[in-house]
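Quick notes on the structure that follows.
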Amino acid sequence: MSERVVMAPPLYMVQKREIIDRFIDEYIPPSDQYPQALHEAIRYSINAGGKRLRPILALAAYEACGGNNEIIYPAAVAVELIHTYSLIHDDLPCMDDDDLRRGQPTLHKKFNEAVALLAGDALHDLAFELMARTGNPDAIRELAEAIGTGGMLAGQMADMEAEGRNLTLEEITFIHTRKTGKLIRGTVRIGGLLAGASTDYIRAITGYGEKIGLAFQIIDDILDIEGDPEMLGKPVGSDSKNLKATFPGVVGLEQSRQSAGKLIDEAIEIVTGVVSQPDNFVQIARFIGGRQN
Ligand code: GRG
């Protein structure tokens, strides 16, 4: 049996995750606030052990573009809240109908469907309240566009419509760049916009975000075939069981691995040529390339 090589997150990610967790705790209403069930449900989901990849990326982009102010924290938390809302809704019986997420019962299993729906809505609303604290309309619009009907929602809709169909490479790329890629792309752009980055920097981090965003979802598809359920915190094989369109389903496992690796290399190259301190971007991209959960 081949041994699984698990890549530990770089120190930068570990340190930033701790800071982000503190801000999440500060920004989210306490669970004893009325209506308690809703606030408990929100906290259950947001504290379930996510990697905090998106807020870490927002911070990395902000810092790489010269930002040095606390204004990034509400924005970084906002993208994590949006991410969590999308997972809660995606797990619902009317969508993927999943029982486990991050090794724990999904929110509608732990509470019920109505609470899960409302908790997802509440996270979405709170995310925009936090974005408003940045006072930057371009950053707020960036998030709205990333997750709207030209972004994450378009990808989710196309994903649902693709179930059970044979897709072309162009179609699966459309789904993945939107379902998963647009929020990641938007996240790094928000960091750049809040730092007042130059056009060259914004172009470079946009390219970086697009590449790692697509790679992230391709790797997610691969892990659903050959990942370790314990590390993933959910059973593998759910894509094939649900007749989901996946990258390996269209181009095969080997080509999927190659495409993900190539995207990671290209992302690193794009930022290395432009951004003056690309180290954190490079480490995060490599971490995504080697992730096992
Ligand atoms: C239902 C509004 C709505 C949107 C659905 C993003 C999405 C669109 C659905 C979530 C399910 C899914 C397949 C997402 C793809 C992105 C993905 C691989 C999410 C998991 O992200 P990680 O690994 O999660 O960063 P953690 O647990 O670390 O936070």
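Quick check on my link table: of Lys16/Lys234; Lys110/Lys262; Lys110/Lys182; Lys182/Lys241; Lys211/Lys234; Lys109/Lys179, which ones sit more than 32 Å apart, alpha carbon to alpha carbon? The partial results should precede the final answer.
Numbers: Lys16/Lys234 26 Å; Lys110/Lys262 40 Å; Lys110/Lys182 29 Å; Lys182/Lys241 26 Å; Lys211/Lys234 26 Å; Lys109/Lys179 24 Å.
Pairs exceeding 32 Å: Lys110/Lys262.
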Pairwise FRET efficiency - Gln33 versus Glu266, Cβ, R0 = 51 Å, nearest 0.05: 0.65
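Considering only protein heavy atoms and a 1.4 Å probe, what is the carbon-and-sulfur percentage of the accessible area of the stretch 11-290?
Numbers: 6110 of 12320 Å².
Exposed carbon and sulfur together represent 50 percent of the surface.
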Spatially proximal aspartates and glutamates relative to Lys51 (Cα-Cα < 13 Å; intrachain offsets below 8 disregarded): Glu18, Asp21, Glu80
CD proxy at 222 nm, helix term only [per DSSP H run n ≥ 4: -39500 (n - 2.57); per residue of the chain; nearest 500]: -21500 deg cm²/dmol
Exposed GluC sites (Glu not before Pro) absent - longest run of the chain, DSSP non-H/G/I/E/B, at most 12 other C-beta within 10 Å: 164-293
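Considering only protein heavy atoms, what per residue accessible area in square angstrom results for the stretch 1-60 with a 1.4 angstrom probe?
Values: 3380 Å² over 60 residues.
Heavy-atom accessible area per residue stands at 56 Å².
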Pair Ala132, Asn242: separation of 7 Å Cα→Cβ label points (nm): 3.3
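Under the rule a/c < 1.5 gives rounded, and otherwise a/b versus b/c splits prolate from oblate, where does the stretch 11-290 land using the Cα gyration tensor?
oblate
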Coil-residue trypsin sites (Lys or Arg not before Pro) of the stretch 1-57, DSSP, other Cβ within 10 Å capped at 14: Arg4
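The values are calculated or read from the model by the stated rules, or taken from the named source; none is laboratory data. Note that this is a predicted model, so its numbers are computed, not measured. Reconstructed Cβ throughout: ideal geometry from the backbone, glycine too, with neighbour counts over all protein chains shown. We work out accessible area using only protein heavy atoms, side chains counted, and drop any ligands, DNA or RNA first. Shrake-Rupley method; radii C 1.70, N 1.55, O 1.52, S 1.80 Å.
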